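K.L.:
Mind looking over this structure? Questions follow.
The values are calculated or read from the model by the stated rules, or taken from the named source; none is laboratory data. Computed from a prediction, not measured in an experiment: that's the story for all the values here. Backbone-built Cβ (ideal geometry, glycine too); neighbour counts: all protein chains shown.
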């Protein structure tokens, strides 16, 4: 009979560990946290030193009961993950299961291998309460911010909004970047390139300076017409490229995005599965350090597979001074396995991790750089030709690649060259790039905001809350001028290019801008980058035992809570951000863009004038409160627009509502996305209306007295009276159900579940 119980967080991890333990051990999963703050209410006793009131959630009561039974009479080994979250899980297990300290051991391991587990079991410890306190501090502080600040947003901005210490800062970053992009005034310059020849060889080169405008460019090209060109300098020098450090959580997310196109959440899910299956080390880490054992294993594999010249021992120092979530970088548990994972996506991510970790212990790539300067007889500027040759691939044998080599011919100083064609192309300055998920992770890490365990959930939260959308931007057409000197003639031409296109970038919504401005003005510390980073440092201090979590929370709350109390007095009109666009030329009424109850909108009239109800309209697509023009607004107030008539003579009207553009015929509404209500034709509207009628007809099977209907639903036919729904068995023909049978099935059906409606909280007492 087993004498030992090992508890881990996940069934997958439990299954892997079981393979390495003998018959004296049973392994069970807690399925993550078994205790937490209840979802409803603050559940933090502010008067009693901010003591949290934890409870076992309903869905975990069965798990707790089973673990209690399993623990009876056994030695218990708590083997949750090695970070603060894992330490907190272990502590909650001791509390909820009422474990005997004398029979309870805490073990941690960075990888799920037989050696790692045996080493951990040989040196068990107790639960590190300092790490637990650091996690508790984070949990309590985030609950205080969310619980006290979110109701303010509900009252002053819009119902259903939320605020958070990290999520609100992340949203601010995205909002500020988008505003920076929109405010950017593109400046044009001309980039000059040339193709020179020496015999049969072609040498591409670029002018050392950019020319400021079209006139200067045309004059310059006319000046150099008929000029001679000579090589003034040839510089050849060796260079090297060094491999990057093994992955941290952040760099893995960035590289998986760049090379594999994986989102942050997707990357972490795949990495979690690889870790739990024993293929890679723990994937939430700030560290770039490799263990001595891993370095030795990499050396053996490299020398065996590629030869001694490809090996070079490296130990990387972790740049982040506060890195303490783990002790080693992300790497494969065995370098001998260059492929692992249960599906193609896992295999791709594993190979990326394997390649990066192995490359970190390999020789630099050796390159030869060539730079040739070319003088112009009729101008002081010079052309420069650059080339690069890969002499020895080194680490690039397994990881890297890069640009194709530009190999230049052997040229000597004083050698004459012929210029076949010189081209000056108009280029435009670009603003900072929009954030992708991976770029946002990198920025948060640079600012010291959040930790490896929080990046993915934060980015997921700001999207599900409607603050940010991940989308593709099509870009806009821009006219570009090109001036070419060829065959003794200077010719100017124009072409059109698409600029500003973006893929999978994070774009703030209108509500994100409003909430960011509201928080920045009224709760500056919550969205202050330095303050938020300082909080993370405080958590680190608690984990190191250099301060108590109760004092840290008390210091924070002393400054935070008075701001919340003042927030009750903020007038809602302050949030509307009303901006006058001008006056309606027909009525003379003022037109505003503003933020309303359901988001950004247009208003015509005086909202304070009780004698006349103002008119409202949605913002045109692609505009914001700050960018919409009077002309655009006037077009929106022309809606609803009568498009035409149906076959039976009913009016078809087009409009935009809360859920997008639509047409309306009597009481029937039909979405017309992606068509525009301003331009949709009568033919298009009739077609969509007919399709809607056909769909509704196919949905309707039968109808009885009392509003009882037999309908086709997304999951099959069913019966409804508007209050209850009843399923119809697969072997029953819904067209043959009688009224009596329908009533019977409804009577036997369970009542509809009531929808969840979140309520605003009351203010915490002092």
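K.L.:
Can you pull out every residue in the stretch 400-438 that is under 29 Å from residue 240 (Cα atoms) and surrounded by 18 or more Cβ atoms within 10 Å (Cβ to Cβ)?
P.N.:
Within the stretch 400-438, 408, 411, 438 meet the criteria.
K.L.:
The conditions are (1) touching a residue at least 40 places away in the same chain (Cβ under 8 Å); (2) out of contact with any helix residue (DSSP H, G or I) (no Cβ under 8 Å at 6 or more places or on another chain); (3) under 30 Å from residue 302 (Cβ atoms); (4) surrounded by 20 or more Cβ atoms within 10 Å (Cβ to Cβ), and residue 354 fails exactly one of them. Which is it?
P.N.:
(1)
K.L.:
Have a look at 546, 551 and point out the one that is closer than 30 Å to residue 47 by Cα, part of a loop (DSSP other than H, G, I, E, B) and modelled with pLDDT of 90 or more.
P.N.:
Working: 551 fails: part of a loop (DSSP other than H, G, I, E, B).
None of the others qualify; the one that does is 546.
K.L.:
Then there's this: Any residue in the stretch 199-215 that's in contact (Cβ under 8 Å) with a residue 24 or more places away in the chain and on the phi < 0 side of the Ramachandran plot: show its pairings with residues that are in a helix (DSSP H, G or I) and surrounded by 14 or more Cβ atoms within 10 Å (Cβ to Cβ) at Cβ separation under 8 Å, as long as the two are six or more apart or on different chains.
P.N.:
What qualifies is 211/217; 211/220.
K.L.:
If you check residue 207 against the conditions, is it assigned by TED's automatic domain parsing to the domain that holds residue 394, buried (at least 21 other Cβ atoms within 10 Å of the Cβ) and either more than 38 Å from the chain's Cα centre (by Cα) or at pLDDT 95 or above (or both)?
P.N.:
So residue 207 fits the description; yes.
K.L.:
Within the stretch 184-196, count every residue that is touching a residue at least 40 places away in the same chain (Cβ under 8 Å) and exposed (fewer than 14 other Cβ atoms within 10 Å of the Cβ). Write out each step before concluding.
P.N.:
Taking the stretch 184-196 first, the residues touching a residue at least 40 places away in the same chain (Cβ under 8 Å) are 184, 186-196.
Next, only the ones that are exposed (fewer than 14 other Cβ atoms within 10 Å of the Cβ) stay: 184, 186-187.
Residues in the stretch 184-196 being touching a residue at least 40 places away in the same chain (Cβ under 8 Å) and exposed (fewer than 14 other Cβ atoms within 10 Å of the Cβ): 3 in total.
K.L.:
For the subset of the stretch 274-291 comprising residues that are at pLDDT below 95 and in a helix (DSSP H, G or I), which member is surrounded by the fewest Cβ atoms within 10 Å (Cβ to Cβ)?
P.N.:
276
Condition check ((1) surrounded by fewer than 22 Cβ atoms within 10 Å (Cβ to Cβ); (2) in contact with a helix residue (DSSP H, G or I) (Cβ under 8 Å, 6 or more places away or on another chain)) across all residues:
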| position | (1), (2) |
| --- | --- |
| 445 | no, yes |
| 448 | yes, yes |
| 451 | no, yes |
| 459 | no, yes |
| 464 | yes, no |
| 468 | no, yes |
| 471 | yes, no |
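K.L.:
Looking at 298, 294, which one is at pLDDT 95 or above, crowded, with 18+ Cβ neighbours inside 10 Å and not in a loop (DSSP other than H, G, I, E, B)? Write out each step before concluding.
P.N.:
Details: 294 fails: at pLDDT 95 or above.
That would be 298, the only listed residue that is at pLDDT 95 or above, crowded, with 18+ Cβ neighbours inside 10 Å and not in a loop (DSSP other than H, G, I, E, B).
K.L.:
Could you list, in sequence order, the residues of the stretch 357-378 that are out of contact with any helix residue (DSSP H, G or I) (no Cβ under 6 Å at 6 or more places or on another chain), part of a strand (DSSP E or B) and surrounded by fewer than 23 Cβ atoms within 10 Å (Cβ to Cβ)?
P.N.:
366, 367, 368, 369, 370, 371, 373, 375, 376
K.L.:
For the structure I just gave you, tell me whether residue 395 is part of a strand (DSSP E or B), farther than 30 Å from residue 537 by Cβ and either at pLDDT 90 or above or not assigned by TED's automatic domain parsing to the domain that holds residue 265 (or both).
P.N.:
Details: part of a strand (DSSP E or B): no; farther than 30 Å from residue 537 by Cβ: yes; either at pLDDT 90 or above or not assigned by TED's automatic domain parsing to the domain that holds residue 265 (or both): yes.
Judged against the criteria, residue 395 is not a match.
K.L.:
Let me ask another. Mind counting the residues in the stretch 38-54 that are under 13 Å from residue 146 (Cα atoms) and surrounded by 17 or more Cβ atoms within 10 Å (Cβ to Cβ)?
P.N.:
Quick first cut of the stretch 38-54, residues under 13 Å from residue 146 (Cα atoms) only: 39-44.
So of that shortlist, the ones also surrounded by 17 or more Cβ atoms within 10 Å (Cβ to Cβ) come out as 42-44.
Summing the residues that are under 13 Å from residue 146 (Cα atoms) and surrounded by 17 or more Cβ atoms within 10 Å (Cβ to Cβ) in the stretch 38-54 gives 3.
K.L.:
A further question follows. Determine which single condition residue 666 fails, assuming it passes every other condition in (1) in contact with a helix residue (DSSP H, G or I) (Cβ under 9 Å, 6 or more places away or on another chain); (2) more than 25 Å from residue 159 (Cβ to Cβ).
P.N.:
(1)
K.L.:
Another question about this same structure. Which of (1) buried (at least 21 other Cβ atoms within 10 Å of the Cβ); (2) over 23 Å from residue 480 (Cα atoms) does residue 180 not meet, given it meets every other one?
P.N.:
All conditions pass for residue 180, except number (1).
K.L.:
Is it fair to say residue 239 is touching a residue at least 12 places away in the same chain (Cβ under 8 Å) and buried (at least 19 other Cβ atoms within 10 Å of the Cβ)? Spell out the reasoning first.
P.N.:
Details: touching a residue at least 12 places away in the same chain (Cβ under 8 Å): yes; buried (at least 19 other Cβ atoms within 10 Å of the Cβ): no.
When the stated conditions are applied, residue 239 does not pass them.
K.L.:
Suppose we filter 250, 257 for residues that are in contact with a strand residue (DSSP E or B) (Cβ under 9 Å, 6 or more places away or on another chain), assigned to a helix (DSSP H, G or I) and in contact (Cβ under 8 Å) with a residue 12 or more places away in the chain; which single one remains? Full working, then the answer.
P.N.:
On the way: 250 fails: in contact with a strand residue (DSSP E or B) (Cβ under 9 Å, 6 or more places away or on another chain).
Going through 250, 257 in turn, just one is in contact with a strand residue (DSSP E or B) (Cβ under 9 Å, 6 or more places away or on another chain), assigned to a helix (DSSP H, G or I) and in contact (Cβ under 8 Å) with a residue 12 or more places away in the chain: 257.
K.L.:
Moving on to the next point. Just one of 34, 112 is buried (at least 21 other Cβ atoms within 10 Å of the Cβ), touching a helix residue (DSSP H, G or I) at 6+ places or on another chain (Cβ under 7 Å), outside the structural domain of residue 283 (by TED's automatic domain parsing) and under 25 Å from residue 548 (Cα atoms); which is it?
P.N.:
Numbers: 112 fails: under 25 Å from residue 548 (Cα atoms).
That would be 34, the only listed residue that is buried (at least 21 other Cβ atoms within 10 Å of the Cβ), touching a helix residue (DSSP H, G or I) at 6+ places or on another chain (Cβ under 7 Å), outside the structural domain of residue 283 (by TED's automatic domain parsing) and under 25 Å from residue 548 (Cα atoms).
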